[in-house]
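What follows is a set of notes on a single structure, which appears directly below.
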Amino acid sequence: MEFTEHELQRYTRQIMIPEFGLEGQQKIKSAKVFVAGVGGLGSISSYYLTAGGIGHLTLVDRDKVDYSNLNRQIIHWTEDKGKWKTASGMRKLESLNPHASIHAIQAEITEENCEELVGDCSIIVDAMDNMKGRRILNATSIKMGIPYVYGGVHQLDGMATVFIPGKTPCLECVFPRHEGEAASNPPGVLGPVPGLIACIQSIETMKLILGLEGLLTGRLLCFCGFDMTFREFKINTNPSCPVCGTN
Ligand SMILES: [Zn+2]
C-alpha cells in the first residue's frame, strides 16, 4: 500500500517511532476499527484514530448533539446543537483527514444488529455510556473473536482495559450483571476525564493493530482525578462466566 507525499508528511512523527515505522503505518492504514458511540470517549478516540491514519472507521451513535454534551464531547461544537452526532463527528473527521474512510451510522446498537454494524472491522472501541450497550459489545467481541478496548468514566474517575477473546477475561467476568444497573442515571463527568481514558484506548488500539506487546490485557487501569493517581488491578477470567466461560 503506497502513501502519497502528503500522507508521509502527515504521519512523519509517528513513523519515526521505531516500533511503528512505515510498515506499522501501512498496518494502520489497512485497519478497520469500530467506534461504538460518538460522545465523550468517542470524540477523542475517533479523532486520534483518524489523525493517526486508521484507514477505515465505523462510527455508531443514536443521539443528537445537546448543549449538555459540550463540556466533554469535543468533536461537537455549539453550532452542531440538534444535529446527529454521527453527522457532526463525520464532518470533523473527514476535514481532519481526507485519507480516512469514515462510515457513520445513526442507530442504536442492539443484540440483533451489533455484529452487522461491526461488519469487517477487526477491533471494537467502547465509547458507550451504559452497561447495556457494553454487554452487547462484549458478547459481539466474543462471538466475532475480535478485541474489545474498554473505557468507562464517572465524575473524576476512569477505567480502561483490553479484552481479547480466549486470552483475557471478558467484561462480564470483571463486571458481573447486577440488578438495577439498567436504571442507573448517567453520572456527572468532568470533561478531560473521558479525554484521558479515550487517549489510553486509542494508544491500545494502535498497539493492537501493530501487534505490539505491553497491552493493557488482564489489567484494569483505574484513574482517580481527585487524588491524581493511576492504580492497576489484575483481573481474572471467571470460569463460570455466562458469556465467555466454558462451564
Ligand atoms: Zn467472561
Open item on the list: Please go through the range 28-40 and give me each residue that is crowded, with 24+ Cβ neighbours inside 10 Å and of a type in the set (A, V, I, L, M, F, W, C), ordered by number.
Closed with: Val33, Phe34, Val35, Ala36, Val38
Open item on the list: One residue is enough: does the range 157-176 have a residue meeting the conditions without any contact (Cβ under 8 Å) to a residue 12 or more places away in the chain, more than 29 Å from Gly55 (Cβ to Cβ) and open to solvent by 10 Å² or more (accessible area, probe 1.4 Å)?
Closed with: no
- [ ] Within the range 190-218, count every residue that is free of Cβ contacts under 8 Å to residues at least 60 places away in the same chain, closer than 12 Å to Leu41 by Cβ and open to solvent by less than 50 Å² (accessible area, probe 1.4 Å).
- [x] 1
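Tally up the residues in the range 41-95 that are of a type in the set (Phe, Trp, Tyr) and surrounded by 16 or more Cβ atoms within 10 Å (Cβ to Cβ), please. So that I can check it myself, show each step before the final result.
Keep residues of the range 41-95 that are of a type in the set (Phe, Trp, Tyr), which gives 47-48, 67, 77, 84.
From what is left, the residues that are surrounded by 16 or more Cβ atoms within 10 Å (Cβ to Cβ) are 47-48, 84.
The total comes to 3.
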- [ ] Return the total of residues in the range 106-118 being surrounded by fewer than 15 Cβ atoms within 10 Å (Cβ to Cβ) and touching a residue at least 12 places away in the same chain (Cβ under 8 Å).
- [x] 5
Task: Failed condition for Leu196, given (1) more than 16 Å from the ligand (Cβ to nearest atom); (2) part of a loop (DSSP other than H, G, I, E, B) - done: (2)
TODO: For Pro187, work out the one condition from (1) open to solvent by 20 Å² or more (accessible area, probe 1.4 Å); (2) within 16 Å of the ligand (Cβ to nearest atom); (3) in contact with a strand residue (DSSP E or B) (Cβ under 8 Å, 6 or more places away or on another chain) it doesn't fulfil.
DONE: (2)
- [ ] May I ask you to verify whether Ile146 is more than 14 Å from the ligand (Cβ to nearest atom), β-branched (Val, Ile, Thr), within 21 Å of Asn236 (Cα to Cα) and surrounded by fewer than 23 Cβ atoms within 10 Å (Cβ to Cβ)?
- [x] yes
Task: Residue tally, condition within 16 Å of the ligand (Cβ to nearest atom), farther than 20 Å from Ala127 by Cα and either of a type in the set (Asp, Glu) or in contact (Cβ under 8 Å) with a residue 24 or more places away in the chain (or both), over the range 219-244 - done: 8
TODO: Considering only the range 190-207, state which residues are in contact with a strand residue (DSSP E or B) (Cβ under 6 Å, 6 or more places away or on another chain), closer than 15 Å to Gln14 by Cβ and among the hydrophobic types (A, V, I, L, M, F, W, C).
DONE: none
Task: The one condition in (1) in a helix (DSSP H, G or I); (2) charged (D, E, K, R); (3) within 20 Å of Ile197 (Cα to Cα) that Arg72 fails to fulfil - done: (1)
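Could we say that Gly166 is small (Gly, Ala, Ser) and away from the ligand (no atom under 15 Å from the Cβ) here?
So Gly166 does not fit the description; no.
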- [ ] Quickly run through the range 122-136 and pick out the residues that are open to solvent by less than 20 Å² (accessible area, probe 1.4 Å) and either in contact with a Phe, Trp or Tyr (Cβ under 6 Å, 6 or more places away or on another chain) or more than 17 Å from Glu112 (Cα to Cα) (or both).
- [x] Ile123, Ile124, Val125, Asp126, Ala127
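The values are calculated or read from the model by the stated rules, or taken from the named source; none is laboratory data. Because the structure is a prediction, the values reported are computed rather than measured. Quick reminder, even Gly has a Cβ in these numbers, built from the backbone with ideal geometry, and neighbours come from all protein chains shown. Areas reflect the complete protein model, heavy atoms only, side chains present, ligands, DNA and RNA absent. Shrake-Rupley method; radii C 1.70, N 1.55, O 1.52, S 1.80 Å.
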